[in-house]
Structures are given as C-alpha cells and as structure tokens.
1. Among B:46, B:26, A:40, which comes first, second and so on when ranked by fewest other beta-carbon atoms within 10 Å?
2. Place +1 on the Cβ of every Lys and Arg and -1 on the Cβ of every Asp and Glu in chain B, take the dipole about the Cα centre, and give the residue among B:9, B:48, B:105 whose Cα lies farthest towards its positive end.
3. For residue A:101, give me every one of the lysines with a C-alpha distance below 29 angstrom, ignoring sequence neighbours fewer than eight places off in its own chain.
4. Treating the beta-carbon of each Lys and Arg as +1 and of each Asp and Glu as -1, no other charges, what is the dipole magnitude of the protein assembly as shown about its Cα centre, to the nearest 20 debye?
5. Could you check how many percent of all C-alpha pairs in segment A:1-102 are farther apart than 18 Å?
6. Charges at C-beta only: +1 for Lys and Arg, -1 for Asp and Glu. How large is the resulting dipole of chain A about its Cα centre, in Debye rounded to 20?
7. Determine the principal axes of the Cα atoms in the protein assembly as shown, then give the extent along each, sorted from largest to smallest and rounded to whole angstroms.
8. In nm, give the distance between the simple-model label positions of residue B:70 and residue A:60, each being 7 Å from the Cα along the Cα-to-Cβ direction.
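Computed from the coordinates by the stated procedures, all read-outs in this text should not be read as laboratory data. Just so it is clear, the structure is predicted and the values come from calculations on it, not from any experiment. No Cβ is skipped: glycine too gets one built from the backbone with ideal geometry, and neighbour counts run over all protein chains shown.
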Amino acid sequence: GENVEQHPSTLSVQEGDSAVIKCTYSDSASNYFPWYKQELGKGPQLIIDIRSNVGEKKDQRIAVTLNKTAKHFSLHITETQPEDSAVYFCAASGPNTNAGKSTFGDGTTLTVKP
Amino acid sequence: GAVVSQHPSRVICKSGTSVKIECRSLDFQATTMFWYRQFPKQSLMLMATSNEGSKATYEQGVEKDKFLINHASLTLSTLTVTSAHPEDSSFYICSAPPAGTPRAVQYFGAGTRLSVL
C-alpha cells in the first residue's frame, strides 16, 4: 500500500518568514495530494490540493509543488502569521483506492512566533 | 465549501456504556464516509469506510462489533462505540467526499472527543 512520510515533525518560524513542509510518497499510481490544516481540538480543514497532472498550484500565501518523478510534494507558506500556527497534514490517494481513501503523513506542528 | 457536521463534539461516559457519534453532510450527498481515530499529537488513523446502503469496510485490526457503523442515508453515517472502555478514549473524526467528486476531496467534521471514565 501507499506510504507517506512527512518532514519536519515540528517547525518554528518567525512571523513574516516562509515555512516549507515536505512529503514523500511510495505509490507511483497516487494522483491526488491534498494538504490539511488542523487547529487544536478541531477537524482537519483542506487548505490546498494538487493533482498529478500539475506541477505547482498557488493560492495567495500558500503554494504546493509536486515532483512526480521523485515522488515528493511540498507545502510552502509565505509571509507567515501567528494564525498559521497549527498541525499540517499531507495526504496521497490514487485511482486504485476507494474515492477519498487517503494515506496521511504524520503531521507537522507549525509554530509562528510573533 | 461543503460542510460536514459531527455531533456531539465532546462526550464523557462511564465504562461499559455505548456512545453514538453522528456525521452529517449538510449540503451534499455522500455515498461514502470515513471514520478516523486520532491520538494526541498523532496522525489520523482510518478505522473504517462507511458505505450508504451496504456494510462498512473496516481496516485491519479494528473490531467490527466494537465500532458499529451505520450509513442509512446519503447524508448521515453513525459510529457507535459499544461497551466503551477507557482505552477507547480518543478523538474521533469523520470525513466525506461529495458523491461524484472526481478527486478524493475530503471534508472533515469537527471531531468528537470521547472520554471514558
């Protein structure tokens, strides 16, 4: 089955700096890669996603890049703000799984210091 | 975006009792819903896939008789933790991909914090 590794497990940045979180996956058939933000005591919220036919996607301060050959994808947050502090999860899913059944990374705790 | 409502948000119960958690898709239909369990500072662990009108599919190691799942309509799935024990205390989260969605987009509920005394 699919295996997703996420790094780093914790990340601390100064407000205004950029943050980068990286994930690798093992199943070359995976074709959908979402990123979720989870605040304390809440469910994960989809913040951005990318499909395998695209190399990069951007939404305001958030961007995701995908390297299919190397099987890794990254989340980039620019101009970080204290409210970006949360746990971020990457995930991967593919055509051989039930629609929506994703494999999640272990999460990255991002702390943005004011 | 699509909204998934999960209820209750928190429940405290005595050991041996059963607890039911509801997951509703408010503005879309979901033929499939997922149930996850999350321990503190850990990732989401998929417990089972709930299928409307048919039996749920459980992940390896998850007891079917312990965690009963019912997906009676296109907008509601329930998870019942039967004869709960302290080791069942956890954060339970449901998610639903809108029916017909080409991508595996999941919308998550807010989660249910279960504490078994």
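1. On the way: B:46 18, B:26 11, A:40 7.
Ascending Cβ contact count within 10 Å gives the list A:40, B:26, B:46.
2. The residue sitting farthest along the positive end of the dipole is B:9.
3. Excluding near neighbours in sequence, the set is A:22, A:37, A:42, A:57, A:58, A:68, A:71, B:20, B:41, B:55, B:64, B:66.
4. Details: 22 positive and 21 negative charges, 54 e Å.
Dipole of the protein assembly as shown, to the nearest 20 debye: 260 debye.
5. Values: 2350 of 5151 pairs.
For segment A:1-102, the fraction of Cα-Cα distances above 18 Å is 46 percent.
6. Values: 11 positive and 13 negative charges, 58 e Å.
With only Lys, Arg, Asp and Glu charged at Cβ, the dipole is about 280 debye.
7. Result for the protein assembly as shown: principal-axis Cα extents of 49, 38, 32 Å.
8. 4.1 nm
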